[in-house]
Amino acid sequence: MGPTRPAGDFVVEFEGVDKWYGAHHALRSVTLGVARGERVAICGPSGSGKSTLIRCVNGLERHQQGTIRVDGIPVDGTGLGLAAVRRRTGMVFQNFNLFPHLTVLDNLTLGPVYSGGEPAAAAEARARLLLDRVGIADQQAKFPGQLSGGQQQRVAIARALMREPSVMLFDEPTSSLDPERVQEVLAVMEELARGGMTMLVVTHEMGFMRRVADLVVFMDQGEIVEAAPPELFFTQPRTDRARAFLGQVMHL
Amino acid sequence: MADARSFAVAGGGPPQPPPPVARGAVGWARRHLFASPFDALVTLALGLLIAWLVPRAFAWAVVDAVWYAPDGQACRAATGACWAVVAEKHRLILFGTYPYDQQWRGAAVIAIFVALIGLSSIGRIPVRLRLAAWGAGASAGLVLLLGGVFGLSPVGTHLWGGLPLTIVIFVGTVAGGMPLAVLLALGRQSEMPAIRAVSVGIVEVVRGLPLLAVLFVVSLVFPLFVPPELSIDKLVRAILGMIVFFGAYAAEIVRGGLQAIPAGQHEAAKALGLGYRLRMRRVVLPQALALVVPALLNDIIRAFKNTTFVAILGLFDVLGATKVALEDPAWVRHAPEIYVFIFLLYLLFCLAFSRRGMAIERRLAARKR
């Protein structure tokens, strides 16, 4: 990749990143930057590499070529760099991945107390504030299995916010929710966006992208096909692949 | 037929209580004892068997039984059980060859053990506190049995016997075997080939050996290669053998639990910045161990009963001491009574363990509701 990188304050940077699963080329020379305080949404058909891309940011998947940086720290697989990167990123998963053996409150405080060395009382106070912010302060003593999917995902968002990350990574956060639960999660995410949080979101929620995203990235077969502001991407897609994808999604 | 139209009727009315089921003894019997002709047949057959067996057992064990016979004379004429033999031999059975006038120390160890099992069945005590209580109880028990301090006369482990010895071996086996099982299970999943090979090797080799062989190796073969001044106590060697045996079996159970934890749990813990040890200790192991409580309990109960194997090393656990007690010609024909007593003793402890396990399962299930 040539020196196409513009100057500026980028929280997440990809420079010519490649990844293979065996012989399958899962990410093809991906280059992108997420500017501080902006929201970038990634969409594309299944198998397009969008989940792989976001999981490379905090090293859940290892890329093989190119450079990924978070707050300027390279994600290179060494323990120290990885720990620093994970402290600066919060991640929300499609299947929530709350810890079922811990109460809601303990789910939030586990990381800061045991990994960050924060006193338990201080962590609990912050956790209560965050739970209040996502609208489930009254459920803090319950176990995840006792909550609805939407509530669980809101807890997961609060848990990811506990380390006060530089960027929030969302990997299809509403894809396994019942339709009537989607809005409550999107509302929390939009509130976060209004608060100026830097976000990288893999999603199919077109309305959410229109309202919140500064940039929509369309991926297919491991490469970035198009990147444009939502109003442009949805109304004037430039490639046939994007048009075909939008045609299918809009019919939903 | 061709002009049939699919249809549905809207409106089901207000909610109503379910239709009544037959209550009382008759209703219960109809549902559980005579639900079908086959059920009725089984009920009748088992009923006849019970009607035949229970009166005979009751006559033997209670009506015709002899409870008091200081010299065994009264027992010889009796047609029922001779429980006097238990009264006569209970000190030997319960405490083996431990010095007679010091046997209160063994009794105290039994009391501590029973109290700790009781404590464990009280619901909301944090795990940390439970473990501390067990640690304190185990230390106190060892000091009591060994003596040599606080004015207690020293008693060598070769004199230990009976139920306190059984308890020492059992607690030692589980306390040493559980951590070993977790380490072996984690080792088997390690990304480092050497650690994985060692873990797999230990598990496969030990599982391929009978417990008796393991005990023979640690007690008879092992000393051949170790100079006498380095030799360790026979009881310690026996417990080490039991630990390795228990650990190898339990490791496979723990591994099953580890494999049942979804990848998402590992990923979420990584994303939160938890390193390997914290991830295992706080996220993966608590869930994995909770999943395998019933299977682990099975192994723990077996470990309690496996303590009887140490008799072949010349250690007199409850069963070994019982055999010694039966060598007395005055009482030798009353082996059935003694073994019924031993049977009840083991049953009592094993029931206590499984009740404890059920309590754990209930508490875990409550989190899912």
Which of the lysines could a cross-linker span from A:Lys19 if the Cα-Cα distance has to be under 18 Å and same-chain partners fewer than 8 positions apart are dropped?
A:Lys50
Using the charge dipole of the protein assembly as shown (Lys, Arg: +1 at Cβ; Asp, Glu: -1 at Cβ; taken about the Cα centre), state which of B:Leu215, B:Ala311, B:Val292 has its Cα farthest towards the positive end.
B:Ala311
Within 10 Å, at most 10 other Cβ atoms, and a DSSP state outside H, G, I, E, B define an exposed site. Report the longest part of chain B free of exposed GluC sites (Glu not before Pro).
B:1-190
For the stretch B:263-365, treating each Cα as an identical point scatterer without solvent, what Debye log10 I(q)/I(0) comes out at q = 0.12, 0.20 1/Å?
-0.63, -1.02
Cross-link partners of B:Lys323 among aspartates and glutamates (Cα-Cα below 20 Å; sequence separation of 8 or more within a chain):
B:Asp71, B:Glu88, B:Glu337
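Kindly report the accessible area of chain A per residue (heavy atoms of protein chains, probe 1.4 Å, no ligands, DNA or RNA), in Å².
Computed with neighbouring chains in place, this is 42 Å² per residue.
By how many nm would the segment from B:His158 to B:Arg30 grow when fully extended, if each residue of separation counts as 0.36 nm and the alpha-carbon distance is taken off? Could the numbers behind the result be given before it?
Working: separation 128, 0.36 × 128 = 46.08 nm, distance 5.97 nm.
So the chain would gain 40.1 nm between B:His158 and B:Arg30.
Enumerate by residue number the chymotrypsin sites (Phe, Trp or Tyr not before Pro) in the stretch B:103-165 meeting two conditions: DSSP loop (anything except H, G, I, E, B), and at most 12 other Cβ atoms within 10 Å of the site's Cβ. All intermediate terms of the calculation are to be shown ahead of the outcome.
Working: sites: B:Trp104, B:Phe113, B:Trp134, B:Phe150, B:Trp160; in loops: B:Phe150, B:Trp160.
Listed in order of number, the matching sites are B:Phe150.
Per the 1.4 Å probe, what fraction of the accessible area of chain B, in percent, lies on carbon and sulfur atoms? Before the final figure, lay out each step's value.
Details: 14960 of 21170 Å².
Ligands and nucleic acids excluded, carbon and sulfur reach 71 percent.
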The stretch A:64-93: which residues show an accessible-area loss of 50 Å² or more, assembly versus chain alone, 1.4 Å probe?
A:Arg86
Rounded, prolate or oblate, given the Cα gyration tensor of the stretch B:39-180, with a/c below 1.5 counting as rounded?
oblate
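Just how large is the dipole of the stretch B:1-86 about the Cα centre, in debye to the nearest 20, putting +1 at every Lys and Arg Cβ and -1 at every Asp and Glu Cβ?
Working: 6 positive and 4 negative charges, 43 e Å.
Around 200 debye, computed over the stretch B:1-86.
Out of the DSSP beta bridges found with both residues in the protein assembly as shown, what percent are antiparallel (nearest 5)? Don't skip to the end; give the middle numbers.
Numbers: 20 of 40 bridges.
Expressed as a percentage, antiparallel bridges in the protein assembly as shown total about 50.
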Local electrostatic count at B:Ala251 - Lys and Arg +1, Asp and Glu -1, tallied over other residues with Cβ under 15 Å:
+2
With just the Cα atoms of chain A, tell me how far they stretch along each of the three principal axes, in Å, largest first.
52, 43, 35
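In the neighborhood of B:Ser219, defined by Cβ-to-Cβ distances under 11 Å, what is the net charge if each Lys or Arg adds +1 and each Asp or Glu adds -1?
Values: positive: B:Lys234, B:Arg237; negative: B:Asp233.
Result for the neighbourhood of B:Ser219: +1.
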Quick one: which bits of the stretch B:276-290 get at least 40 Å² less accessible when the partner protein chains are in, versus the chain alone, with a 1.4 Å probe?
B:Leu278, B:Arg282, B:Gln287
At 1.002 mPa s and 20 °C, plugging the Kirkwood radius over alpha-carbon pairs of the stretch B:136-190 into Stokes-Einstein gives what diffusion coefficient in µm²/s?
164
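In the calculated pair distance distribution of the protein assembly as shown, what percentage of Cα-Cα distances lie above 35 Å? Walk me through the numbers on the way to the answer.
Details: 115057 of 192510 pairs.
That fraction is 60 percent.
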With a cut-off of at most 10 other beta carbons within 10 Å, and DSSP calling the residue loop, which trypsin sites (Lys or Arg not before Pro) in the stretch B:115-165 qualify? Please list them.
B:Arg124
Suppose a student asked you for the relative contact order of chain A, using Cα pairs under 8 Å spaced at least 6 residues apart; what percent would you report?
25
So what is Rg over Rh here for the stretch B:84-368, counting just Cα atoms and using Kirkwood for Rh?
1.01
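Nearest 100 Å², what total accessible surface is buried between chain A and chain B (probe 1.4 Å)?
Working: alone 11600 and 22140 Å², together 31860 Å².
That pair of chains buries around 1900 Å² in total.
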Among B:Pro37, B:Pro126, B:Pro329, residue whose mean-square fluctuation peaks in a GNM of chain B (springs only between Cα atoms under 10 Å)
B:Pro37
Proximal lysines to A:Lys142, defined as alpha-carbon separation beneath 22 angstrom and excluding residues fewer than eight positions away on the same chain:
B:Lys368
Just how far, in whole angstrom, is the stretch B:59-103 from the stretch B:280-305 if you go by their alpha carbon centroids?
40
Might you report the magnitude of the Cβ-based charge dipole of the protein assembly as shown about its Cα centre, with Lys and Arg at +1 and Asp and Glu at -1, to the nearest 20 debye?
700
Computed over all unlike Cα pairs, the Kirkwood hydrodynamic radius of the stretch B:20-63 in Å stands at 12.1
Under the √(5λ) rule applied to the eigenvalues of the Cα gyration tensor, what semi-axes describe the equivalent ellipsoid of the stretch A:203-252? Give them in Å, descending.
15, 13, 10
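Under a Cβ-only charge scheme (Lys and Arg +1, Asp and Glu -1), can you give me the dipole magnitude of chain B about the Cα centre, in debye to the nearest 20? Mind dumping the intermediate values first?
Values: 34 positive and 18 negative charges, 319 e Å.
So the magnitude is around 1540 debye.
The values are calculated or read from the model by the stated rules, or taken from the named source; none is laboratory data. Values in this document were obtained by computation on a predicted structure and should not be read as measured data. Cβ: placed from backbone, ideal geometry, glycine included. Neighbour counts: every protein chain shown. With ligands, DNA and RNA removed, areas are computed over all heavy atoms of the protein, side chains included. Shrake-Rupley method; radii C 1.70, N 1.55, O 1.52, S 1.80 Å.
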